[in-house]
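The values are calculated or read from the model by the stated rules, or taken from the named source; none is laboratory data. What you are looking at is a predicted structure, and each value in this text was computed from that prediction instead of being measured. All Cβ positions, even for glycine, are placed from backbone atoms using ideal geometry, and neighbour counts span all protein chains on display.
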């Protein structure tokens with residue numbers, strides 16, 4: 001089958017959604033499908049046998065793309081829509097695989113005999129309202145369009161159980177397959193990897209966070225919790241974030257008198273993620289809100305280290321009390337959890353074993369690939385029936 005994969009994102013860049021899209025494209029190509037990917041003008045080409053990358057027309061004043069929605073992203077989406085029309089007109093595609101907001105294109109495009117797959121990483125209305133609260137007055141319209149788009153698809157691939165429930169509510173009986181992310185399995189970059197213990201006391205217990213430093217990630221919660229932690233050996237290492245965000249949080253730790261408890265490494269190659277995670281004793285996800293599970297959590301599990309996370313749906317649909325220390329979005333509770341993990345190496349070991357076993361049984365590339373192959377085999381069978 002010939003697949004047109006719509007990727008409304010800067011591809012390829014080393015961050016969550018493009019990494020997941022690369023894995024998706026790889027799995028489709030390895031299954032023998034011919035994949036044409038249409039994406040933004042921003043990003044680096046990657047070599048995957050069977051994959052051809054097409055890009056929207058270049059916008060001279062848009063050279064970067066922040067995480068989340070922005071007016072620049074919306075402008076790129078307009079160009080993506082018109083380029084989609086052009087490619088569908090010229091090409092002979094059996095499947096239109098629409099990622100994120102590109103599913104809404106299908107409400108304006110004649111479907112013909114092709115099959116439509118909705119790759120649902122998040123709820124677009126949720127994201128838009130969170131970004132621009134003035135859009136709340138339009139929420140009935142936006143959620144109505146989301147329900148229509150779900151019904152338009154032949155199959156929906158929600159990234160987590162919470163989104164699967166939204167699909168079932170919008171279209172009872174709709175064909176769906178929860179296609180969760182997996183631990184990153186990338187070839188190390190070959191660049192030198194920091195030895196994070198080299199400048200710390202020998203008995204240090206390292207708690208590590210990896211990811212962007214946006215507000216919703218809960219770095220303020222983490223800093224507030226460390227002020228209350230009853231464990232002198234604890235040291236927090238943060239990897240990722242823009243220079244501006246790092247400076248903001250470094251100033252916060254200075255003002256709180258706990259700067260000696262923190263090391264900000266900044267951005268490091270995603271390919272080396274596991275090399276860093278395995279140096280930690282505890283891996284931290286203090287996210288304060290959200291539904292879809294952050295990709296980092298799957299890598300945390302695959303690293304075989306103890307995890308502490310907030311007990312919000314983003315985490316609880318993947319982690320349980322055996323595989324992680326789950327605490328409320330509260331500095332006192334988070335501090336208590338950190339203190340317990342810091343003082344009890346046996347507890348760290350049992351949590352680590354449970355999370356690693358959970359990752360191996362449910363969240364590997366092989367599991368992801370097999371699910372995707374089953375979905376596409378069903379699509380192929382339905383095409384032959386028409």
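Some notes on this structure:
- Number of positions in the range 359-386 that are within 29 Å of residue 220 (Cβ to Cβ) and assigned to a helix (DSSP H, G or I): 1
- Within the range 23-51, tally of residues that are in contact with a strand residue (DSSP E or B) (Cβ under 8 Å, 6 or more places away or on another chain) and surrounded by 20 or more Cβ atoms within 10 Å (Cβ to Cβ): 10
- Of all residues in the range 1-22 being more than 21 Å from residue 69 (Cα to Cα) and modelled with pLDDT of 95 or more, the one that is surrounded by the fewest Cβ atoms within 10 Å (Cβ to Cβ): 2
- Test: residue 372 is in contact (Cβ under 8 Å) with a residue 60 or more places away in the chain, touching a helix residue (DSSP H, G or I) at 6+ places or on another chain (Cβ under 9 Å) and surrounded by 14 or more Cβ atoms within 10 Å (Cβ to Cβ): yes
- For the range 157-172, taking the residues that are in a helix (DSSP H, G or I) and more than 17 Å from the chain's Cα centre (by Cα), the one that is surrounded by the most Cβ atoms within 10 Å (Cβ to Cβ) is identified as 167.
- Among (1) crowded, with 18+ Cβ neighbours inside 10 Å; (2) within 26 Å of residue 363 (Cα to Cα); (3) under 22 Å from the mean Cα position of the chain (by Cα) - the single one residue 154 does not satisfy: (3)
- Within the range 194-213, the only residue that satisfies the criterion of being in contact with a helix residue (DSSP H, G or I) (Cβ under 8 Å, 6 or more places away or on another chain) and either surrounded by fewer than 16 Cβ atoms within 10 Å (Cβ to Cβ) or at positive phi (or both) is 211.
- Just one of the listed residues (309, 321, 271) is touching a residue at least 24 places away in the same chain (Cβ under 8 Å) and under 24 Å from residue 343 (Cα atoms), and it is 309.
- For the range 238-249, the set of residues classified as part of a helix (DSSP H, G or I) and surrounded by 15 or more Cβ atoms within 10 Å (Cβ to Cβ) consists of 245, 246, 249, listed by residue number.
Residue by residue, here is whether (1) in contact (Cβ under 8 Å) with a residue 24 or more places away in the chain; (2) within 21 Å of the chain's Cα centre (by Cα); (3) in a helix (DSSP H, G or I); (4) in the same structural domain as residue 14 (by TED's automatic domain parsing) holds:
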position	(1), (2), (3), (4)
53	yes, no, no, yes
67	yes, yes, no, yes
77	yes, yes, yes, yes
80	yes, no, yes, yes
87	yes, no, yes, yes
104	yes, yes, yes, yes
110	no, no, no, yes
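- Residue check, residue 190 at positive phi, in a loop (DSSP other than H, G, I, E, B) and at pLDDT 90 or above: no
- Residue, surrounded by the most Cβ atoms within 10 Å (Cβ to Cβ), within the range 67-108, restricted to residues that are out of contact with any strand residue (DSSP E or B) (no Cβ under 9 Å at 6 or more places or on another chain) and closer than 25 Å to residue 381 by Cα: 107
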